[in-house]
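S.K.: Before I ask anything, here is the structure I am working with.
Just so it is clear, none of the values below were taken in a lab; they were calculated from the coordinates. Everything numeric in this text was worked out from a predicted model, so none of it was measured. Cβ placement follows ideal geometry from the backbone for every residue including glycine, while neighbour counts extend to all protein chains displayed.
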Amino acid sequence: MIRTEVIADCYVDSVRLLEATRAMREAPGVDWAWALMATPANLDVLAAEGLAEGLGTASANDLVLAVRGSRDRMSMALEEGRRVLFEAAGSDNGAAAAPTATRPASLDDALAAVSGANVAIVSVPGPYATLEAHKALTRGLDVLLFSDNVPLADEIDLKQRARSLGRLVMGPGAGTAALGGVGLGFSNRVAPGPVGVVAAAGTGAQETMTLLDRWGSGVSHVIGVGGRDLSEDVGGLMAEAAVEALDRHAGTELILLVSKPPAPAVAERLLTKATSKPMVAALIGLERPVAAAPGAVVCNTLEQGVVESLDRLGHAGADPVGTIDAETARLSTSLDSGRRRMVGLFSGGTLAYEAMIVASRHIGPVFSNTPLEAAWALPAPPGAHVCLDMGEEEFTVGRPHPMIDPEARLERLHDQVSDPAVAAVLLDVVIGDGAHPDPAAMLAPAAAEIVASGAAVVAYVLGTGRDPQDFERQRSIMREAGCVVAETNARAALAAAALVNRDPALVHHDLSTSLTA
């Protein structure tokens, strides 16, 4: 049974759409569901699923709820979707008039309703995002540009304008920020502290802020700048503005810059610029040294970026290895000799990238949908190591992001049970605001099946004790399923490599390579 419902002229942001999709899919008797804006690309997906009937002339400004399942459960599932979408607006039935009657219809309406607002979160389809961001800048607001698919030329124009106005444009595709203790997008609850983070990587920002919290420090602000900011084209416009802002901020004592390898000239311009506060740069996968100001520290893993930051601040006690050495040593002796493959299944793109960087140095090429080298692109040859970033578009069209809904990863995890070549399955469990309320409980049964089949599962839980999912409980659930649970993402990758190579000493590998010219 298929049922669709169109609510005309009712825009809903992508985070709320994902929450509604998850709620409908979890309703009894539902096989498939999706809450979406009726963009042409989304309508094509609905047509492929056989759900296009009844949509009429629905357009990109219209909200669609689509459900497939048992006939007697459709109304209940749609009602649950409407509840999630409109409960914040005080709507009882999700009627089309409800959101516009009780929620601001424009940026100006929102500013009139909220006194003292200084940040606008823009989360609309890419073609409309640039205009909305410009409107916010005109009204004197900093912008968190959550939207993807913003043209590069528009990003450059927005950021050049923001620089001239003394404002920030965080993004596009900025999924994480924490300003003055308030988390935006996918974020974690961390203690206030002396480290200001500037990140061109979403889960890279989350990894560093959570490690700082768990190892006894905290953050002043986390400013996400978008994954293209440190490219040659964009030139680090917002990273530079963010560094300057943190350098002026009285509560920030150290600046931690986080990115995948930036354009060398951009990195050197940022790192050689004089600041009154020490700077650490964690440039994931950077291979060659870059010029930096005296005293600046450059390293190439997130873990080491945090360790160096804590060391500069006089903090001690970080333990990246934890207990995985004993667990890895035990498993290394019990794996069947034919098991030599690593399979990584990640919800966090930056975590997947770092894991591939760390593991490939010890086990060789890792094939991926986001490959480190062009020759390592999918499809992978038989028996090859594979690491998937399941937050990429090919896995999220028509379904929620894997941080919100683990379902897509569950299908892939089940596939590993029957593969006698798999030695280690590597996965992240990301918690915090915006993430699934209990991801470990969803993933653990599949992980236990893999362990029972004779392979190992190495899991890394990204989060803090302040997050609503309960960090230690999430770790305990994965341990009880038989997983090796690592302290950092990099150590999880080393543990997986150690199991592939039957070399437990790898978990102690020194990640402290200096990359300062």
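S.K.: Compute the label zone of residue 149 within the range 230-263: residues whose backbone N is under 16 Å from the point 7 Å along Cα-to-Cβ.
M.R.: Within reach of a label on residue 149: no residues.
S.K.: Could you work out the per residue convex hull volume over the alpha carbons of the range 324-508, in cubic angstrom? All intermediate terms of the calculation are to be shown ahead of the outcome.
M.R.: Working: hull volume 18.8 nm³, N = 185.
Measuring per residue, one finds 102 Å³ for the Cα hull of the range 324-508.
S.K.: While we're here: When the helices in the chain are scored as -39500 (n - 2.57) per DSSP H run of 4 or longer and the sum is shared across all residues, what 222 nm value do you end up with, to the nearest 500 deg cm²/dmol? It would help to have the intermediate numbers written out before the result.
M.R.: Details: 18 runs with 195 residues, N = 517.
Taking each H run of at least 4 residues, the total per residue is -11500 deg cm²/dmol.
S.K.: What spacing in nm lies between the two simple spin-label points modelled at residue 41 and residue 321, each 7 Å away from Cα in the Cβ direction?
M.R.: Here the modelled spin labels are 4.5 nm apart.
S.K.: What's the extension gain from residue 473 to residue 514 if we count 0.36 nm per residue and subtract their Cα-Cα distance? The partial results should precede the final answer.
M.R.: Values: separation 41, 0.36 × 41 = 14.76 nm, distance 3.58 nm.
Full extension from residue 473 to residue 514 adds 11.2 nm.
S.K.: Related question: Taking neighbour counts of Cβ atoms within 10 Å as a proxy for exposure, in what order, fewest first, do 37, 209 appear? Present the calculation step by step, with values, prior to reporting the outcome.
M.R.: Numbers: 37 21, 209 33.
By the 10 Å Cβ count, ascending: 37, 209.
S.K.: Can you give me the distance in nm between label points at residue 156 and residue 87, each placed 7 Å from the Cα along the Cα-to-Cβ direction?
M.R.: So the two model labels end up 4.5 nm from each other.
S.K.: For a label point 7 angstrom out from the Cα of residue 31 toward its Cβ, which stretches of the range 1-20 have the backbone nitrogen within less than 18 Å?
M.R.: 1-5
S.K.: At a Förster radius of 35 Å, what calculated FRET efficiency corresponds to the Cβ-Cβ distance of residue 311 and residue 433, to the nearest 0.05? Intermediate results must be reported in sequence, preceding the final value.
M.R.: Details: r = 29 Å, r/R0 = 0.84.
So the FRET efficiency works out to roughly 0.75.
S.K.: In whole angstrom, note down how far apart the Cα centers of the range 1-74 and the range 401-474 are.
M.R.: So the separation of the two Cα centres works out to 27 Å.
S.K.: Still on this structure, please answer the following. Work out from phi, with θ = phi - 60° and the Karplus expression 6.51 cos²θ - 1.76 cosθ + 1.60, the ³J(HN,Hα) of each residue of the range 140-148, listed in order in whole Hz, and give x for Gly and Pro.
M.R.: x, 9, 6, 10, 9, 8, 6, 4, 9
S.K.: Given a Förster distance of 35 angstrom, what is the FRET efficiency for residue 417 paired with residue 375, based on the Cβ-Cβ distance and rounded to 0.05?
M.R.: On the way: r = 29 Å, r/R0 = 0.84.
The calculated FRET efficiency here is 0.75.
S.K.: If you don't mind, there's one more thing I want to ask. What is the fewest-to-most order of 390, 76 by other Cβ atoms lying within 10 Å of their Cβ?
M.R.: Details: 390 25, 76 16.
Fewest-to-most Cβ neighbours within 10 Å comes out as 76, 390.
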